[in-house]
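Notes follow once the structure below has been shown.
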Amino acid sequence: MPEFTLKIRRFLPETGDAPYWEDFTVDLEGHRSVLEGILQVRDVQDGSVGIRCSCRAAICGSCGVRINGRATLACKTHLNDALEDSQEDGAIVIEPMGNMPVIKDLIVDMDAVHWTKIRRVTPWLLPDGPPPEREYVVPHEAMVDVTQSMACIQCGACVSDCLSMEVDADFVGPAALAKAYRFVGDPRDAQHEERLRDLAEDPHGIHDCTHCFACIDACPKGVAPMDQIMRLRRMAGSDYEIDDRNNGHRHESAFTEIIRKKGILDEAKLLPDSYGGKLHPRVVPELVDSLPVIVTALTRGKITPKAALMPHRLPRDSQEAVKRIFETIDERDERYELNLYITGFEDEEVEKAAAEEERGPHE
Amino acid sequence: MPTHDVLIIGAGLAGQRAAIAAADAGSSVAIMSKVHPVRSHSNSAAGGINAALNPEDSWESHALDTVKGSDYLGDQDAIEIMCREAPDEILTLEHMGVTFHRNESGHLGTRAFGGASAARTYYVADITGQALLHVLYEQLLKREETVDRLEEWFTTSLLRDDDGRCTGVIARDIRSGRLEVFTAKAVIVASGGVGQAYRPTTNALICTGDGIAQAYRIGAPLMDMEMIQYHPTTLAENGFLITEGARGEGAHLYNAEGERFMEKYAPSKMELASRDVVSRAEQTEIEEGRGFPDGTIALDITKVPKKRILESLREIVNIGRDFAGTDITREPIHIRPGQHYVMGGVKTDVQGRTPIEGLYAAGEVACVSVHGGNRLGANSLLDTLVFGRRAGEHAAQHASATGLPEHSEARLSDEQAWIDSIVSRDRGGRRVSELKAELGTAMNEHVAVFRHQDGLEQALEIVRRLQEEGESAWIDDQGTIFNQDVLGAIELGYMLDCAETIVVASLERKESRGAHFRTDFPERNDDEWLKHIDISRNGATPEIGYSPVTITQWQPEERTY
């Protein structure tokens, strides 16, 4: 059987030693999981290697770790795939998840970070009045829709790799906000507006997400937390017209409007437009506040006065193409929301399946 | 020393449901689990939960299916209660927030399941157990004031006072390694089954029979331990479960000759016969040489429309892709029967009471018995919730009429000394992990779908030898913080106690009924064996007793599907 080297980040708090790396070699078929590799280490080499694990089948959410620098479930990662992704010479690098304190080896303190944030979003259904005699009658689609966030197994991979949380430890974060969508998208919950207002007004709430996609990459269950955050934002801004004090909604609208008009972002316009346009009284204090940032950007050559006055332009046909995208979207009766349980597979596979259907049934 | 009215061990569906019921009845409650509650094995119940909630359906029909599924070993008073209370339980959960999938009109939707005469399985895609577990946890968080959550605490022993009452537990804080006594007026054991005594198994690594063994050790009788369910559709390599929901949605089984062989074994229910029937059919095909070379059968899900698969069987699309390299929407997946569930457990009445005052049990750990010789798919979630709630309610009532138990800290130092002695064992004997592997392999070889005297005697010999070797088996980890190694050694002891009772009961039942098929006694024998086998610990050895099966309105008949 092939051999794999697992390079495991060890931390044994009682020894007083700093964290260190330890290499273990395991004999397993390449399609077996990294978790099975670690379990083999524990069974025959060193039973003291700490990792939470239980179901082995990506359902319980216990074995969140970083493999080759990215958070995932050890049970869901094949050894040969992990080896292929490795940047280290022939070794699969396994570390505890990020953004959470390490307790021992690969075990992190989920309660101090992850669960504290989950508790922040009032994570239980808040219906109006006493329940009906039978079930709540709600559309089938609504229940299928929230299934994507119900599919979250609370493994913490998204929290581990969230870049916003790295700079703002108070960010409510991808897992808790996906959990919030599970209630805001649930027609039985009667506090949609209150929940959205709460999360929009919180400086560490929905507008603290920088749209970096790291949580979507990390999530082993296709929950796509960032998509859920974006849906919360659209509902807060468009459906409930919540004019949050973080200026999140206006900023997003300004961004979209600039793209619609010019096909490309004009950064010099973005800040004033986000606060209601150049002449709006809100703009002046905001511009003054932003002066240090602007000065730094100027001195480092990130922006130049010339570029600010004469922004990049797209060729006319490209501008038209962007406009057509907006028109197509505007023509839809309903807002188009991506949802795994409704649209099926990740894009690539949907296309493959569609292509196959066109070719007609095989065999 | 922490003190509560009701202390619950295990935080899967049974435990969490019990905690909510006891708290809502006014008790102070603590719920303790060796893992975070949402890591519990209830997660893995994919397909759904049964209830006769449709006006066209009836609880009697559900009960009769369950009685027949149990091969008439289930206690009919308990089955009646479960099936009568099922509709209300589903509605309660729906009101709490479970996102059950709907039908076209927006009412609760159902799917078909094995052994059932109507489509009465309510579901959330194929993550029903997960959805239920996470929603109950939401409800625990909501009750933060009345329910103390002891997450990642490992119970080492149940306590009994001189009057024979169960008075609490000793438990180890996994994070610090500290041992503590918890006192309670009532203790509910809800810590699941013992699938890890088998290898392979569909069960999670945490399913090590802790509660069954702990209760057995303080004198509670176990019932029907020989009844071990093999699930018909598990992956050959690692034992992972493919939900019965797949067959419920229309998937078929084929042998290597392309024959839909269930026609021979269950001409009317076909793939949706009871699990014991389907597993035996598959095993027969495999043993008679009509399986695939890797000893498997083909499960063909491609019959189910792709849209339906993506919407409602998504998890097994993932499992097929990630763990078998198979796209189940395009090609059959290879499966075989695998250890899945223990119908037996700690003997309780319909309130969840064991014969020990103050000790309750609910869920897979318990044997009420509603499953008898064979559990129907989607009845396990129902069992955990109905009897979890009943145990919680009754324990609360018991607690309100009971004074706080006396207790002594003396046990604590003995327990600490015992754990320290495991940690400091020298490396003269065998590794704990070796013993566990040998146990699992032996059980899967001799105490599986087909059993006979010789194999069972061999298994008993192995289990007893392993018990002896377990006394000196060693571990690596010498630390206190998150020492999972020492917990593994304690769990091995639990599994061996459970395995011993499974083998002893299997040797005792000299007939074939439900999941227990003896090739040397291939017929069901109601005259001699329409009774439960109870096992109590007498000193260090299991002592066999019998108790009658409760029959209310359904007399035993021949069982065909």
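What does the extension gain come out to for residue B:306 and residue B:1, with contour length at 0.36 nm per residue minus their alpha carbon separation?
104.1 nm
Under a Cβ-only charge scheme (Lys and Arg +1, Asp and Glu -1), can you give me the dipole magnitude of the protein assembly as shown about the Cα centre, in debye to the nearest 20?
Approximately 1600 debye in magnitude.
Expressed in nm², what is the orientationally averaged projection area of the convex hull enclosing the Cα positions of the stretch B:232-340?
Value for the stretch B:232-340: 6.1 nm².
Find, to one decimal place in angstroms, the Kirkwood hydrodynamic radius of the stretch B:424-561, where the mean of 1/r is taken over every pair of different Cα atoms and then inverted.
About 17.1 Å, per the Kirkwood formula over Cα pairs.
At 7 Å along Cα-to-Cβ for each site, give me the label-to-label distance between residue B:411 and residue B:560 in nm.
The answer from the label model is 5.4 nm.
Give me the Å³ per residue figure for the convex hull around the C-alpha atoms of the stretch B:347-411.
Per-residue hull volume (Cα only) is 100 Å³.
With labels modelled as points extended 7 Å from the Cα through the Cβ direction, what inter-label distance (nm, one decimal) is found for residue A:87 paired with residue B:525?
6.9
What is the calculated FRET efficiency for residue A:194 to residue B:105, with r their C-beta to C-beta distance and R₀ = 35 Å, to the nearest 0.05?
So, using R0 = 35 Å, E works out to roughly 0.75.
Could you state the angle between the C-alpha long axis of helix A:283-299 and the longest principal axis of the C-alpha atoms of chain A, as a value from 0 to 90 degrees rounded to the nearest 10?
Roughly 60 degrees between the two axes.
Can you give the FRET efficiency for residue B:544 and residue B:427, using 1/(1 + (r/R0)^6), R0 = 22 Å, r = Cβ-Cβ distance, to the nearest 0.05?
It comes out at approximately 0.05.
Taking 7 Å along the Cα-to-C-beta vector as the label spot, tell me the residue B:471-residue A:313 distance in nanometres, rounded to one decimal.
9.2
How large are Rg and Dmax for chain A when calculated on the C-alpha trace, in angstrom?
That works out to 24.1, 72 Å for Rg and Dmax.
Which value at 222 nm does chain B reach when only helices count, each DSSP H run of 4 or more adding -39,500 (n - 2.57), with the total divided by all residues and rounded to the nearest 500 deg cm²/dmol?
About -11500 deg cm²/dmol.
So how do A:284, A:184, B:124, A:295 line up by other beta-carbon neighbours within 10 Å, fewest first?
With the fewest neighbours first, A:284, A:184, B:124, A:295 line up as A:295, A:284, A:184, B:124.
State which helices in chain B qualify, where a helix is a whole DSSP H run, it must extend 30 Å or more along its own axis by its Cα atoms, and its mean Kyte-Doolittle hydropathy must be at least 0.0.
The answer, listed by residue number, is B:484-508.
For a bin width of 10 Å, list the pair-distance distribution of the stretch B:166-299 built from all Cα-Cα distances, rounded to whole %.
10, 31, 24, 17, 12, 5, 0
Only counting other Cβ atoms within 10 Å, I'd like B:418, B:153, B:59 sorted with the fewest neighbours first.
B:418, B:59, B:153
Determine the gain in length on full extension of the stretch residue B:457-residue B:176; use 0.36 nm per residue of separation and subtract their C-alpha separation, reporting nm with one decimal.
Roughly 96.9 nm would be gained on extension.
Write down the Å³ per residue value for the convex hull defined by the alpha carbon atoms of chain B.
142
Considering just Cα atoms, how many Å³ per residue does the convex hull of the protein assembly as shown enclose?
Taking only Cα atoms, the protein assembly as shown has a hull volume of 189 Å³ per residue.
Have a look at A:218, A:125, A:177 and report the one farthest towards the positive end of the charge dipole of the stretch A:67-219, computed about the Cα centre with Cβ charges (Lys/Arg +1, Asp/Glu -1).
Positive-end residue among those listed: A:125.
Please report the antiparallel percentage of the DSSP beta bridges confined to the protein assembly as shown, to the nearest 5.
70
Take the eigenvalues of the Cα gyration tensor for the stretch A:111-239, scale each by 5, and report the square roots as semi-axes in whole Å, largest first.
The equivalent ellipsoid of the stretch A:111-239 has semi-axes of 25, 16, 13 Å.
Can you give the extra length, in nm with one decimal, that the chain gains between residue B:402 and residue B:143 once fully stretched, where that is 0.36 nm per residue apart less the Cα-Cα distance?
90.9 nm
Are there cysteines in chain A with no second cysteine's Cβ under 4.7 Å away, and if so, which?
By the Cβ distance rule, which asks for a partner under 4.7 Å, the isolated cysteines are A:75, A:152, A:155, A:162, A:209, A:212, A:219.
We did not get these values from a lab; they are worked out from the coordinates using the rules stated. Everything numeric in this text was worked out from a predicted model, so none of it was measured. Counting neighbours? That spans all protein chains shown, and the Cβs are built from the backbone with ideal geometry, glycine included.
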